[in-house]
Amino acid sequence: MTSLSGVVLAAADHTEVTPVAADGVFSLLWLAVAIPALSAALLLVSGRALDRVGHLIGTLAPIVSFVIGLLAFIALLGRDASERAVTDELWTWIQIGDFDVSMSVYYDQLAALFVLLITGVGSLIHLYSIGYMAHDERRRRFFAFLNLFVAAMLTLVLAGDYLVLFLGWEGVGLASYLLIGFWQHKNSAAVAAKKAFIVNRVGDMGMALAIMLMFAQLGTTDIHAVGESVQSVSSGVATALGLLLLLAACGKSAQVPLQSWLLDAMEGPTPVSALIHAATMVTAGVYLIVRSSAIYDLSESARTAVMIVGAVTLLFGAWIGCAKDDIKKALAGSTMSQIGYMILAAGLGPAGYAFAIFHLLTHGFFKANMFLGAGSVMHAMDDDVDMRHYGALRKALPITFVTFAAGYLAIIGFPPFAGFFSKDHIIEAAFGTNLWAGLAALVGAGVTAFYMTRLMIMTYFGDKRWREDVHPHESPLVMTIPLMVLGVLSFIGGALIFNDWIVDWLEPVTGEEHHELAVPAIVLTLIILATVAVGVAVAYLLFARNPIPDTAPQQVSVLTRAGRADLYGDAFNEAVFMRPGQYLTRSLVYVDGRGVDGSVQGAAELVGDGARGLRRLQTGFVRQYAAEIFGGALIVVLALLAVTLA
């Protein structure tokens with residue numbers, strides 16, 4: 001077992017692959033972004049004229065983008081590793097002196113996987129939404145916002161410049177604000193959208209400062225050029241860049257301490273939750289860190305910070321997931337936790353980058369599957385989200401149950417489902433690099449098994465606890481077909497690791513480093529499976545063998561109360577940031593009102609009083625003016641005499 005410092009690369013060890021000019025299908029990749037963007041614009045400006053077909057246009061757009069991405073991926077497979085980084089400069093966006101930013105596409109092995117995930121899973125979510133939003137009067141606008149989300153995320157992952165990436169980054173923030181607050185007639189939805197927007201702006205400050213620092217130190221913000229030239233900067237600058245980018249990642253990927261927006265974001269329609277949690281927003285932070293691997297390879301401190309943030313978040317998210325009765329919020333807690341696994345893996349450097357992306361892909365499959373499955377359950381239960389009102393739904397919703405079960409087995413790491421392979425490799429890499437990181441990942445696996453088993457039992461097993469007027473029924477095919485596809489992907493997604501395919505595929509981008517384990521890998525795998533089995537068994541004993549109360553018990557442990565309160569994240573933010581901020585602004589207002597404004601007004605009044613005094617001298621009488629002139633001249637003469645005689 002090695003320490004983290006032992007795996008930090010020397011600056012010279014990181015090599016950047018020189019991109020080649022785009023040709024063939026690669027020169028059409030900009031269309032993958034443009035089509036959903038144009039679709040969003042068309043649906044927004046068309047008014048009610050496209051109400052009948054807006055959802056079809058909105059669904060067709062990401063499907064076309066997926067076809068383009070698939071063709072490009074196939075073309076990339078046919079190339080040598082040294083020619084798999086492709087760039088296509090579309091036009092010059094900014095040119096001021098030496099500062100030159102091109103609106104360019106940068107497509108390589110990492111971008112290719114993200115394009116397929118965003119457009120593939122995104123298309124399934126669009127298809128599902130046709131049924132889920134069938135009765136919503138604003139369905140056309142909903143699909144416009146979904147298209148905008150996809151276009152912004154594709155801009156982010158295909159950007160050849162950090163400034164263009166930032167454009168997509170902000171577009172994702174705008175789209176999430178619009179979608180989380182889509183049902184704006186609900187005050188809770190409006191507040192949740194505003195909260196997500198504001199918290200993400202805190203993270204965005206890190207991104208903006210990092211880009212400024214890049215330009216100040218390197219003279220460029222081009223991603224490839226930064227990767228090449230960053231090796232000439234000091235470790236302090238590399239650490240500063242790494243920490244600023246980590247702050248940005250914490251905002252978008254809901255990592256501690258900027259995680260508070262994620263659970264509230266469940267106020268949006270369920271397909272939005274699936275899109276945010278599986279294919280777009282929360283994955284952006286992981287992408288940013290892995291894309292910036294050249295920077296992190298230079299700073300042990302920055303990578304350690306990334307690893308700690310990931311480890312803490314995966315445990316916090318799992319803890320929150322254990323305490324929630326709202327099915328969507330339980331899944332949201334699990335997203336925090338699983339993204340924590342990815343961030344932790346990214347903090348391991350070349351030993352973990354590829355596994356972070358591997359888990360991101362499998363998580364995209366099974367988390368989209370489970371969120372859409374939760375939407376199907378809510379559709380059947382008249383939008384009731386409380387799992388205490390469910391029970392025995394496996395017979396009423398057989399397709400939803402089977403597909404959801406595939407996602408459940410994948411997320412707890414049951415072999416041979418997808419999550420087993422991706423999570424197992426992260427835990428192995430963590431133990432191979434740092435004991436504490438390994439223990440955190442192992443404990444997280446056990447807790448994940450516990451709360452996900454609890455969710456399954458409360459929803460699909462046990463006695464019926466339905467409300468009297470609820471008559472659950474299976475969802476229509478337009479909703480269950482995406483569930484079936486995602487259920488299959490949740491099962492077979494782990495095949496990406498066979499013969500180390502994904503590791504070899506990403507190696508030119510992320511590098512590769514094998515770790516040494518203190519015990520054989522098979523022993524560690526058995527320990528992980530035993531930990532998962534313990535989590536399942538504890539949940540079974542607590543929830544399958546005892547009746548589920550209709551309302552949440554109030555006499556619970558401190559840990560449960562903390563989990564229900566999201567570990568007091570909002571209370572912490574209010575006490576540490578909001579209240580002091582309010583006091584600071586009130587103090588500034590007081591100083592401004594009484595100090596600055598008072599001084600200015602006092603000076604003005606003083607001048608006014610002087611003017612009013614002088615005005616009394618303006619009487620209009622000539623004799624008075626002559627006397628005043630004479631008096632003044634006499635004073636001057638007397639003063640001159642005094643000076644002369646002195």
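The values are calculated or read from the model by the stated rules, or taken from the named source; none is laboratory data. Computed from a prediction, not measured in an experiment: that's the story for all the values here. Backbone-built Cβ (ideal geometry, glycine too); neighbour counts: all protein chains shown. For accessibility, only protein heavy atoms count, side chains too; no ligands or nucleic acids. Shrake-Rupley method; radii C 1.70, N 1.55, O 1.52, S 1.80 Å.
Rundown of residues vs (1) open to solvent by 50 Å² or more (accessible area, probe 1.4 Å); (2) more than 16 Å from Phe145 (Cα to Cα); (3) without any contact (Cβ under 8 Å) to a residue 40 or more places away in the chain, yes/no style:
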site	(1), (2), (3)
Ala22	no, yes, no
Val25	no, yes, no
Ala37	no, no, no
Leu44	yes, no, no
Gly47	no, no, yes
Val53	yes, no, yes
Ile68	no, yes, no
Gly78	yes, yes, yes
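Check off (1) more than 19 Å from Ala41 (Cβ to Cβ); (2) open to solvent by less than 10 Å² (accessible area, probe 1.4 Å) for Gly173 and give me the number that stays unchecked.
Condition not satisfied by Gly173: (1).
Among the residues of region 176-198, which ones are crowded, with 24+ Cβ neighbours inside 10 Å and within 30 Å of Leu110 (Cβ to Cβ)?
Ser176, Leu179, Ile180, Ala196
Under 6 Å between Cβ atoms, which residue pairs at least 6 apart in sequence (or on different chains) link something in region 240-255 that is at positive phi with a partner that is open to solvent by less than 10 Å² (accessible area, probe 1.4 Å)?
As it stands, the answer is Ala254/Leu262; Ala254/Val282; Ala254/Met336, since those pairs meet every condition given.
Would you point out the residue of region 377-433, among those that are among the aromatic types (Phe, Trp, Tyr) and within 29 Å of Ala346 (Cα to Cα), that is most open to solvent (accessible area, probe 1.4 Å)? Let's see the steps before the verdict.
We begin by selecting, within region 377-433, every residue among the aromatic types (Phe, Trp, Tyr); these are 390, 401, 404, 408, 414, 417, 420-421, 431.
Add one more test, that the residue is within 29 Å of Ala346 (Cα to Cα), and what stays is 404, 408, 414, 417, 420-421, 431.
Values: Phe404: 1, Tyr408: 26, Phe414: 100, Phe417: 28, Phe420: 34, Phe421: 36, Phe431: 22 Å².
Per the criteria, the residue is Phe414.
Looking for something surrounded by 10 or more Cβ atoms within 10 Å (Cβ to Cβ), within 30 Å of Pro257 (Cα to Cα), out of contact with any helix residue (DSSP H, G or I) (no Cβ under 6 Å at 6 or more places or on another chain) and without any contact (Cβ under 8 Å) to a residue 12 or more places away in the chain - is there at least one such residue anywhere in region 595-612?
Within region 595-612, none of the residues are surrounded by 10 or more Cβ atoms within 10 Å (Cβ to Cβ), within 30 Å of Pro257 (Cα to Cα), out of contact with any helix residue (DSSP H, G or I) (no Cβ under 6 Å at 6 or more places or on another chain) and without any contact (Cβ under 8 Å) to a residue 12 or more places away in the chain.
Being more than 18 Å from Val443 (Cβ to Cβ), part of a helix (DSSP H, G or I) and polar (S, T, N, Q) is the requirement here; does Ser301 meet it?
Working: more than 18 Å from Val443 (Cβ to Cβ): yes; part of a helix (DSSP H, G or I): yes; polar (S, T, N, Q): yes.
Spelling it out, Ser301 is indeed more than 18 Å from Val443 (Cβ to Cβ), part of a helix (DSSP H, G or I) and polar (S, T, N, Q).
Tell me whether region 315-333 contains one or more residues that are in contact with an Asp or Glu (Cβ under 9 Å, 6 or more places away or on another chain) and closer than 13 Å to Thr510 by Cβ.
Looking for residues that are in contact with an Asp or Glu (Cβ under 9 Å, 6 or more places away or on another chain) and closer than 13 Å to Thr510 by Cβ, one finds none in region 315-333, hence no.
If I ask for residues that are farther than 25 Å from Asp566 by Cβ, of a type outside the set (Asp, Glu) and either in contact with a Cys (Cβ under 7 Å, 6 or more places away or on another chain) or not in a helix (DSSP H, G or I) (or both), which ones from region 324-383 would you list?
Leu348, Gly352
Which residue, of Thr510, Thr531, Thr448, Thr525, is closer than 27 Å to Asp386 by Cβ and open to solvent by less than 50 Å² (accessible area, probe 1.4 Å)? First the steps, then the outcome.
Values: Thr510 fails: closer than 27 Å to Asp386 by Cβ; Thr531 fails: closer than 27 Å to Asp386 by Cβ; Thr525 fails: closer than 27 Å to Asp386 by Cβ.
Selected residue: Thr448, the only one of Thr510, Thr531, Thr448, Thr525 that is closer than 27 Å to Asp386 by Cβ and open to solvent by less than 50 Å² (accessible area, probe 1.4 Å).
Taking Gly535 as meeting all but one of (1) of a type outside the set (A, V, I, L, M); (2) outside any helix (DSSP H, G or I); (3) outside the structural domain of Glu428 (by the TED database), write down the number of the exception.
(2)
Exactly one of (1) over 26 Å from the mean Cα position of the chain (by Cα); (2) within 16 Å of Gly120 (Cα to Cα) is unmet by Ala22. Its number?
(2)
Among the candidates Arg579, Arg561, Arg616, Arg545, single out the residue that is more than 30 Å from Gly444 (Cβ to Cβ) and either open to solvent by 100 Å² or more (accessible area, probe 1.4 Å) or assigned by the TED database to the domain that holds Tyr460 (or both). If you could, list the steps in order and put the result at the bottom.
Numbers: Arg579 fails: either open to solvent by 100 Å² or more (accessible area, probe 1.4 Å) or assigned by the TED database to the domain that holds Tyr460 (or both); Arg561 fails: more than 30 Å from Gly444 (Cβ to Cβ); Arg545 fails: more than 30 Å from Gly444 (Cβ to Cβ).
Result: Arg616 is the single residue among Arg579, Arg561, Arg616, Arg545 that is more than 30 Å from Gly444 (Cβ to Cβ) and either open to solvent by 100 Å² or more (accessible area, probe 1.4 Å) or assigned by the TED database to the domain that holds Tyr460 (or both).
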